[in-house]
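The values are calculated or read from the model by the stated rules, or taken from the named source; none is laboratory data. Remember, predicted model here, so these are calculated numbers, not experimental data. Note that each Cβ is placed from the backbone with ideal geometry, even for glycine, and that neighbours are counted across all protein chains shown.
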Amino acid sequence: MKSSRLESNLSADVTKAQMASGGAQDLFYSRSKDSQRLTIVKGKGIYLWDDQGNEYIDGSSGPVTCNLGHSHPNVLKAMQEQAETLAFSFPSSGRNLPNIELAKKITDLAGEGFERALFVSGGSEAVDMALKFCRQYRYATGEKQRNKLISCQPSYHGMTLGALAVSGDPVFADVFGDMISMAHKIPAMMTYMHAEQGDENAYALRCAKALEDKIVELGASSVLAFIIEPVGGSSSGAIAPTEAYFNEIRRICDQYGVFLIYDEVMCGAGRTGEFLTSHLWPDARPDISVVAKGLGAGYAPLGVMLAPAALVDELAELTGFNYAHTYNASPLSCAVGNAVLDEIIQNDLLENTRVLGDYLRKELIALQERSTIIGDVRGRGLLLAIELVASKSPRKPLPLEVEAIERFKALSREIGLLIYGRRSNGGIYGEPLLIAPPLNVTKAEIDLIVERLGRAVEALEAELSDSGII
Ligand SMILES: Cc1ncc(COP(=O)(O)O)c(C=O)c1O
């Protein structure tokens, strides 16, 4: 009786028109005036299909997440087997076998300095855990005054209140700043935007010096941690600061006893051709790393905080670190993580990422040379970005009201290509789009992506030219 009343309420509330536009949930994802969203019904490899039968290439692996493409048979098999064996177990009450296996696999891949792994449900949660872990450690070891955080402007670290506090976007600060303690900001290393700064390494050292200045300004003994994306995500468009920069920030953090956290939510798990981007810089290893997106690869919500045995074991002796969420270390998610890592290792996808990342970069640079509106091509491995501009050299941004990222996404979607870009900071740091196919992409698939990208660029150029903007 009760359930049939509920059903009739549902059908009365959800009109056909609402269903056509996504029913009760669409308005949480866009402004009501924004364009329609697709209803995706099927995926295979780099392809997705909508409910109208249209085919799309998923050119950025969703939001740089589906690192093995869609419907990978080995991951699906692992999911099914795990679901049939044990779908859930509560982490505080006991460990589970996929959890133990994944902890061993990932700490082996992560290497020295990352002997301990805490599994969570995604990127924001992993960032939150890292901040809490640093704080809890200092609290337990008698440095309670260390509570200040520093991060980059722009940057993105997630949407929980803790992750928002470190994200570099004043739009968040305006709304939530009164509720939470926002991190202190230093400028991110944006080489293309600041091309007039001359030599890149000298510019890198000036950017790193901003960290030292900020620590001194805040009072070194009050600073807890500095968090940074080793390769930028959507907020900066795959900016890739240099080794000189990372070596210097490592030195500064050591000097002042500040924890260095690398947010590898997007760039970790093989995306840059190394399992962790920090493997590129042996002298600039962080204290803590967080990885998410590509670890679950779109098959299950999964993130991880990686930390050194020395810190974790000491805290375990003192107070323990007991911050479990219900779905942490879920057997299903961990089984997915195991299958994803097996695929990466068995098929040497790190090498594929390096080789095809180089190839994609070359093709994007060729596209840049043919186009008038691609100002920069940057990134590492298969985490690359193009930045749209009104004029290339000197860099002249497109007028903000063009909302170039959104226009580009709409035009490329018409051509059958889905590309990820998300405007941050109201667009003032540029209009980047992330080009990030899965790590198992082939050369032929990259050619297809670049061909469609080229058509979308031409379509936007024509539009901008017709309206007298370029
Ligand atoms: C660098 C970085 N950190 C954190 C996050 C937040 O991850 P999630 O969306 O899984 O919470 C993201 C998501 O895009 C990210 O790119």
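Which one of these is within 23 Å of residue 136 (Cα to Cα) and within 16 Å of the ligand (Cβ to nearest atom): 308, 286?
On the way: 308 fails: within 16 Å of the ligand (Cβ to nearest atom).
On inspection, the qualifying residue turns out to be 286.
Can you work out which of the residues in segment 37-65 that are free of Cβ contacts under 8 Å to residues at least 40 places away in the same chain and among the hydroxyl-bearing types (Ser, Thr, Tyr) is nearest to residue 299 (Cα to Cα)?
The qualifying residue nearest to residue 299 (Cα to Cα) is 47.
Identify, by number, the condition in (1) within 20 Å of the chain's Cα centre (by Cα); (2) over 23 Å from residue 200 (Cβ atoms); (3) of a type in the set (Lys, Arg) that residue 370 doesn't meet.
That leaves (1) as the condition not met.
So which of 395, 354, 380 ends up being among the basic types (Lys, Arg) and farther than 30 Å from residue 279 by Cα?
Just a single option satisfies the conditions, and that option is 395.
Can you report the number of residues in segment 424-451 which are within 21 Å of residue 464 (Cβ to Cβ), touching a Leu at 6+ places or on another chain (Cβ under 6 Å) and part of a loop (DSSP other than H, G, I, E, B)?
Qualifying residue count, segment 424-451: 0.
Can you find a residue that is assigned by TED's automatic domain parsing to the domain that holds residue 292 and touching a Ser or Thr at 6+ places or on another chain (Cβ under 7 Å) anywhere in segment 206-217?
Here is the first cut: in segment 206-217, the residues assigned by TED's automatic domain parsing to the domain that holds residue 292 are 206-217.
Now restrict to residues that are touching a Ser or Thr at 6+ places or on another chain (Cβ under 7 Å): none.
No; the residues of segment 206-217 include none that is assigned by TED's automatic domain parsing to the domain that holds residue 292 and touching a Ser or Thr at 6+ places or on another chain (Cβ under 7 Å).
Among residues belonging to segment 260-273 that are in a loop (DSSP other than H, G, I, E, B) and in contact (Cβ under 8 Å) with a residue 40 or more places away in the chain, point out the one that is farthest from the ligand (Cβ to nearest atom).
Per the stated criteria, the residue is 273.
Restricting to helices (runs of 4 or more DSSP H) lying wholly in segment 138-233: which have 2 or more residues that are among the basic types (Lys, Arg)?
200-218
Could you tell me which residue of segment 139-163 is farthest from the ligand (Cβ to nearest atom), considering only residues that are among the charged types (D, E, K, R) and surrounded by 14 or more Cβ atoms within 10 Å (Cβ to Cβ)? Please lay out each step first, then the result.
So in segment 139-163, the residues among the charged types (D, E, K, R) come out as 143-144, 146, 148.
Narrowing further to those that are surrounded by 14 or more Cβ atoms within 10 Å (Cβ to Cβ): 143, 146, 148.
On the way: 143: 26, 146: 23, 148: 20 Å.
For segment 139-163, the residue satisfying everything is 143.
Among the residues in segment 64-73, are any crowded, with 19+ Cβ neighbours inside 10 Å, in the same structural domain as residue 236 (by TED's automatic domain parsing), within 16 Å of the ligand (Cβ to nearest atom) and in a helix (DSSP H, G or I)?
No: segment 64-73 contains no residue that is crowded, with 19+ Cβ neighbours inside 10 Å, in the same structural domain as residue 236 (by TED's automatic domain parsing), within 16 Å of the ligand (Cβ to nearest atom) and in a helix (DSSP H, G or I).
Of the residues in segment 162-193, how many are of a type in the set (Val, Ile, Thr), modelled with pLDDT under 95 and more than 22 Å from residue 395 (Cβ to Cβ)?
Residues flagged as of a type in the set (Val, Ile, Thr), modelled with pLDDT under 95 and more than 22 Å from residue 395 (Cβ to Cβ) within segment 162-193 amount to 3.
Here are some residues: 212, 248, 200, 196. Which one is over 27 Å from residue 65 (Cβ atoms), at pLDDT below 95 and in contact with a helix residue (DSSP H, G or I) (Cβ under 9 Å, 6 or more places away or on another chain)? Quick ask: steps written out before the conclusion?
On the way: 212 fails: at pLDDT below 95; 248 fails: at pLDDT below 95; 196 fails: in contact with a helix residue (DSSP H, G or I) (Cβ under 9 Å, 6 or more places away or on another chain).
Among 212, 248, 200, 196, only 200 is over 27 Å from residue 65 (Cβ atoms), at pLDDT below 95 and in contact with a helix residue (DSSP H, G or I) (Cβ under 9 Å, 6 or more places away or on another chain).
Go through 309, 339 for me and flag whichever is modelled with pLDDT of 95 or more and surrounded by 15 or more Cβ atoms within 10 Å (Cβ to Cβ).
339
Inside segment 383-399, can you point out the residues that are outside any strand (DSSP E or B) and surrounded by fewer than 19 Cβ atoms within 10 Å (Cβ to Cβ)?
390, 392, 393, 394, 395, 399
Here are 122, 142, 162: which of them is farther than 22 Å from residue 249 by Cα and without any contact (Cβ under 8 Å) to a residue 12 or more places away in the chain? Break it down into steps so the answer makes sense when it comes.
Values: 122 fails: without any contact (Cβ under 8 Å) to a residue 12 or more places away in the chain; 162 fails: without any contact (Cβ under 8 Å) to a residue 12 or more places away in the chain.
Selected residue: 142, the only one of 122, 142, 162 that is farther than 22 Å from residue 249 by Cα and without any contact (Cβ under 8 Å) to a residue 12 or more places away in the chain.
Give 297, 307 a once-over and let me know the one that is on the phi > 0 side of the Ramachandran plot and touching a residue at least 60 places away in the same chain (Cβ under 8 Å).
Every option except 297 fails the conditions.
I'm trying to understand the selection: among the residues of segment 86-137, which are within 16 Å of the ligand (Cβ to nearest atom), farther than 21 Å from residue 274 by Cα and outside any helix (DSSP H, G or I)?
Hits for segment 86-137 are 120, 121.
Hey, residue 276 hits all of (1) within 16 Å of the ligand (Cβ to nearest atom); (2) of a type outside the set (Asp, Glu); (3) free of Cβ contacts under 8 Å to residues at least 40 places away in the same chain but one; which does it fall short on?
Single failed check for residue 276: (3).
Name the single residue that is farthest from residue 147 (Cα to Cα) among those in segment 185-209 being without any contact (Cβ under 8 Å) to a residue 40 or more places away in the chain and crowded, with 17+ Cβ neighbours inside 10 Å.
In this case the residue turns out to be 203.
Can you tell me which residue is modelled with the highest pLDDT among those in segment 400-423 that are part of a loop (DSSP other than H, G, I, E, B) and basic (Lys, Arg)?
So, considering only residues that are part of a loop (DSSP other than H, G, I, E, B) and basic (Lys, Arg), the one modelled with the highest pLDDT is 422.
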